[in-house]
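Reading through the structure tokens given below for one structure.
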Amino acid sequence: MRIFRIGLLLGIRQIQRASIWTNVLIVFVMALTFLNLIAVSGILVGLIVGAERAVREDSLGDIIITAKAGDDHISETERIVREISAFPELQTYSVRYSGAGILEANYKERRDLTGERDIANVKVTGIDPVAEESMTGLSDALIDGKYLDPNEEGYILVGALYIKQYAAQFQDIFETIEDVSPGDTVRLTVGNISKEFIIKGILKSKVDEVSLNTYIPEREFRRLFNRVDRNADQIVIRLDEPTENTSVKAALVSSGLGDIAKIQTYEEGVPKFLTDIKNTFNVLGTFIGSIGIVVASITIFIIIFINALARRRFIGILKGIGIDRKAIEIAYVIQAGVYAFLGSLIGVIITYVVLIPYFDANPINFPFSDGILVAEPIGTLVRFLILFIITLLAGYIPAWLIARGNTLNAILGRK
Amino acid sequence: MENKKPIIIASGITKSFGSGDLFTTILKGIDVTIIEGEFVAIMGKSGAGKSTLMYQLSVLDEPTSGTLTIANESIERKTENERTSFRLETLGYVFQDYALVPDLNAEENVMVPLVMRGMNWTEARAVARASIDAVGLPTKYKNLPAELSGGEQQRIAVARAVAGKPKILFADEPTANLDSFSSQQVIDLITSLNRDFGQTIVMVTHEREYALGCNRIIHMEDGRIIREEILKPLPE
């Protein structure tokens with residue numbers, strides 16, 4: 001204990017007597033290292049979390065109901081809708097019908113019947129425009145034209161990635177139709193049935209479920225797809241409190257709905273590749289951040305080594321008058337620890353007080369996501385501990401190297 | 001002096017450096033005994049080996065051969081940690097250039113070895129202040145070494161060396177970097193420790209006038225003791 005107390009005194013006094021600018025520079029380096037450790041993985045993970053948030057906001061909601069395995073559609077959709085409507089936690093919901101069709105454009109201008117048709121295989125979703133707007137704010141994704149009017153028929157919303165001029169950046173990845181805009185007529189063919197629609201609006205979103213989709217009113221969908229039983233393909237639910245989705249799902253399942261449909265929370269329903277990418281980015285971010293740790297530990301090593309080397313004579317004198325070299329080593333470890341702690345503390349403050357609120361308010365505009373900065377407290381704590389322990393080691397090793405040297409040589413300044 | 005109690009017994013001490021063509025022997029078989037309460041000066045020209053002898057006697061260095069017993073303890077078998085602990089408990093040092101820790105103030109410089117010996121902080125502070133008072137610097141407790149003159153720093157170094165009441169005080173040319181006034185102050189202080197408290201002192205010096213307060217002067221030349229000069233016998 002007395003060795004530690006002496007080490008503490010020596011360490012604190014060394015920091016106090018050091019140049020203020022030296023201290024500021026070291027703490028600054030440590031703060032940057034900590035931020036590097038947090039921010040690199042935080043932005044990579046935030047990119048996926050941003051995508052997940054967008055999928056939750058613009059498409060899937062908090063609870064997703066789909067057909068049970070083996071069923072083509074959700075059985076007893078109307079009963080399910082009645083029952084979920086009675087849940088007090090429910091904020092809104094949307095019933096969706098899904099199918100696939102061929103969208104054709106520019107067929108009226110086509111003169112050469114042997115030539116290539118301007119067609120694209122598309123996903124078709126039948127919606128109640130009012131319910132869908134309430135659920136996902138689909139009209140916010142409009143980049144041209146207007147939203148579906150529930151009292152009108154013969155109109156369609158087309159996802160931008162089905163239209164060549166909007167999907168040019170993706171080259172031939174998606175099947176597209178050309179040169180269409182709101183007001184143009186297109187033909188939607190499902191099996192042997194075709195129907196003309198006027199493009200009411202064009203949708204573009206960072207959620208592919210929206211940009212790679214076409215929307216028509218559910219009545220027209222059922223007629224076109226001959227879905228007379230009113231059984232839908234997907235019911236998405238938004239709750240007043242999204243975090244309650246697990247308990248609401250359990251209540252839905254226990255009410256018997258679990259027997260007739262597959263009920264999932266958002267977390268269960270989110271595509272697995274998103275979770276996989278998130279985990280991969282987390283590991284990648286930690287790896288990149290760990291390079292920062294190596295740089296910081298080398299920096300601390302050099303700083304402490306030069307410091308200890310410059311004080312080698314005083315280290316020798318302290319040993320000469322009987323001070324245990326462990327006390328001297330502790331002094332340098334404490335120095336390194338104080339620098340790591342202060343740097344990390346500043347890093348934490350910058351992360352949680354400045355960066356996270358800033359990126360929440362001003363997400364980074366990635367092509368498929370509005371990237372935010374994600375820094376879970378537990379992950380931050382783990383990174384702090386890693387940085388702290390490595391810094392302590394980086395402080396200890398040079399102090400150990402210098403302090404273990406010959407006492408008289410140190411006092412006399414001999415090599 | 002045969003009836004006095006020896007505190008240092010060195011026998012056949014040699015110290016060599018280097019190897020091959022660079023092999024040099026600095027000390028060539030030194031036999032010396034120092035009595036408890038004695039004030040001994042080691043003198044000689046530069047390169048005579050006086051500082052090297054003092055480093056061996058003060059356990060700061062290990063002799064190449066020979067035996068050394070201090071305060072009835074054999075030194076040569078001690079580990080590095082044991083030697084450090086032995087220096088803390090038994091010996092005090094005053095170096096040429098003060099050798100105060102620049103980050104610690106005067107009081108802390110004196111306190112650190114006392115705390116290392118196991119004193120609590122309050123007790124160590126009181127002892128340190130008493131020791132600083134005794135060297136005549138009662139207003140300098142909180143001054144950093146850089147804020148003290150050379151003479152004041154050396155007096156703080158003496159205060160540090162004697163605060164723990166060591167059995168032997170070693171002083172390696174303690175006036176080498178001081179002006180004549182400060183040198184005399186430091187020599188008076190060291191001499192008074194021996195005269196008033198019976199402190200055993202071994203001092204290396206170039207200046208004969210500073211050795212006049214000693215009981216004995218050991219004269220060295222070329223790594224050997226060539227003469228011993230008794231200035232005043234030890235009191236009974």
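The values are calculated or read from the model by the stated rules, or taken from the named source; none is laboratory data. For clarity, every value in this text was computed on a predicted model and none was experimentally measured. For neighbour counting, all protein chains shown are included, and Cβ atoms are generated from backbone atoms with ideal geometry for every residue, glycine included.
Brief remarks follow.
- Test: residue in the range A:270-289 that is among the acidic types (Asp, Glu), more than 14 Å from chain B (Cβ to nearest Cβ) and either touching a residue at least 24 places away in the same chain (Cβ under 8 Å) or assigned to a helix (DSSP H, G or I) (or both): yes
- Being in contact with a helix residue (DSSP H, G or I) (Cβ under 6 Å, 6 or more places away or on another chain), β-branched (Val, Ile, Thr) and assigned to a loop (DSSP other than H, G, I, E, B) is a description that does not apply to B:Thr139.
- Verdict on A:Ala375 being farther than 15 Å from A:Ile298 by Cβ, hydrophobic (A, V, I, L, M, F, W, C) and either in contact (Cβ under 8 Å) with a residue 24 or more places away in the chain or part of a helix (DSSP H, G or I) (or both): yes
- Among the residues of the range A:139-165, those that are assigned to a strand (DSSP E or B) and among the small types (Gly, Ala, Ser) comprise A:Gly145, A:Gly159.
Results for (1) among the hydroxyl-bearing types (Ser, Thr, Tyr); (2) more than 26 Å from A:Asp58 (Cβ to Cβ), shown as yes or no for each residue.
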{"position": "A:Val248", "(1), (2)": "no, no"}
{"position": "A:Ser255", "(1), (2)": "yes, yes"}
{"position": "A:Ile260", "(1), (2)": "no, yes"}
{"position": "A:Ile263", "(1), (2)": "no, no"}
{"position": "A:Tyr266", "(1), (2)": "yes, no"}
{"position": "A:Asp276", "(1), (2)": "no, no"}
{"position": "A:Thr280", "(1), (2)": "yes, no"}
{"position": "A:Val283", "(1), (2)": "no, yes"}
{"position": "A:Ile293", "(1), (2)": "no, yes"}
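- Residue within the range A:357-364 that is within 30 Å of A:Val49 (Cα to Cα), in contact (Cβ under 8 Å) with a residue 24 or more places away in the chain and in a loop (DSSP other than H, G, I, E, B) present: yes
- Residue satisfying all of: in the range B:46-69; touching a Phe, Trp or Tyr at 6+ places or on another chain (Cβ under 8 Å) and outside any loop (DSSP other than H, G, I, E, B); nearest to the other protein chains (Cβ to nearest Cβ) among these: B:Met54
- Applying the condition of being at pLDDT below 90 and within 22 Å of A:Ile156 (Cβ to Cβ) to the range A:227-256 and asking which residue is surrounded by the most Cβ atoms within 10 Å (Cβ to Cβ) yields A:Arg227.
- Qualifying position, being crowded, with 18+ Cβ neighbours inside 10 Å and either in contact with a Leu (Cβ under 6 Å, 6 or more places away or on another chain) or among the acidic types (Asp, Glu) (or both), among A:Val333, A:Val338: A:Val333
- Qualifying residue in the range B:96-107 (condition: among the β-branched types (Val, Ile, Thr), more than 26 Å from A:Arg312 (Cα to Cα) and buried (at least 17 other Cβ atoms within 10 Å of the Cβ)): no
- Selection count where residues are within 22 Å of the chain's Cα centre (by Cα) and more than 7 Å from every other protein chain (Cβ to nearest Cβ), scope the range B:109-125: 6
- Residues within the range B:75-89 that are more than 9 Å from every other protein chain (Cβ to nearest Cβ) and either within 30 Å of B:Glu207 (Cβ to Cβ) or of a type in the set (Val, Ile, Thr) (or both), tallied: 2
- Some residue of the range B:95-103 being in contact with a Pro (Cβ under 9 Å, 6 or more places away or on another chain) and of a type in the set (Ser, Thr, Tyr): yes
- In the set (1) crowded, with 20+ Cβ neighbours inside 10 Å; (2) modelled with pLDDT under 90, the condition left unmet by A:Gly201 is number (2).
- Qualifying residue in the range A:121-138 (condition: surrounded by fewer than 19 Cβ atoms within 10 Å (Cβ to Cβ) and either among the basic types (Lys, Arg) or in a strand (DSSP E or B) (or both)): yes
- A:Glu52 in contact with a Lys or Arg (Cβ under 9 Å, 6 or more places away or on another chain), surrounded by fewer than 16 Cβ atoms within 10 Å (Cβ to Cβ), of a type outside the set (Lys, Arg) and part of a helix (DSSP H, G or I): no
- Taking the range B:31-57 as the range and being in contact with a Lys or Arg (Cβ under 7 Å, 6 or more places away or on another chain) and crowded, with 20+ Cβ neighbours inside 10 Å as the test, the residues that pass are B:Glu38, B:Val40, B:Ile42, B:Met43, B:Gly44, B:Thr52, B:Gln56.
- Wholly enclosed strands (runs of 3 or more DSSP E) of the range B:152-236 bearing at least 3 residues without any contact (Cβ under 8 Å) to a residue 40 or more places away in the chain and either acidic (Asp, Glu) or surrounded by fewer than 23 Cβ atoms within 10 Å (Cβ to Cβ) (or both): B:224-230
- Among the residues making up the range A:14-28, those that are in a helix (DSSP H, G or I) and either among the aliphatic types (A, V, I, L, M) or facing chain B (nearest Cβ under 8 Å) (or both) are A:Gln14, A:Ile15, A:Gln16, A:Arg17, A:Ile20, A:Val24, A:Leu25, A:Ile26, A:Val27.
- Screening B:Ala99 against (1) small (Gly, Ala, Ser); (2) in a loop (DSSP other than H, G, I, E, B); (3) more than 18 Å from the chain's Cα centre (by Cα) leaves a single unmet condition, (3).
- Taken together, A:Gly154, A:Gly99, A:Gly115 contain a single residue that is touching a Leu at 6+ places or on another chain (Cβ under 9 Å) and within 21 Å of A:Arg187 (Cβ to Cβ), which is A:Gly99.
- Here B:Ser131 meets each of (1) polar (S, T, N, Q); (2) in contact with a Lys or Arg (Cβ under 8 Å, 6 or more places away or on another chain); (3) facing another protein chain (nearest Cβ under 10 Å) with one exception, condition (3).
- Just one of the listed residues (A:Ile346, A:Ile411, A:Ile328) is away from chain B (no Cβ under 14 Å) and either in a helix (DSSP H, G or I) or closer than 26 Å to A:Ala51 by Cα (or both), namely A:Ile346.
- Exactly one residue out of A:Gly11, A:Gly42 is surrounded by 23 or more Cβ atoms within 10 Å (Cβ to Cβ) and within 14 Å of another protein chain (Cβ to nearest Cβ): that is A:Gly11.
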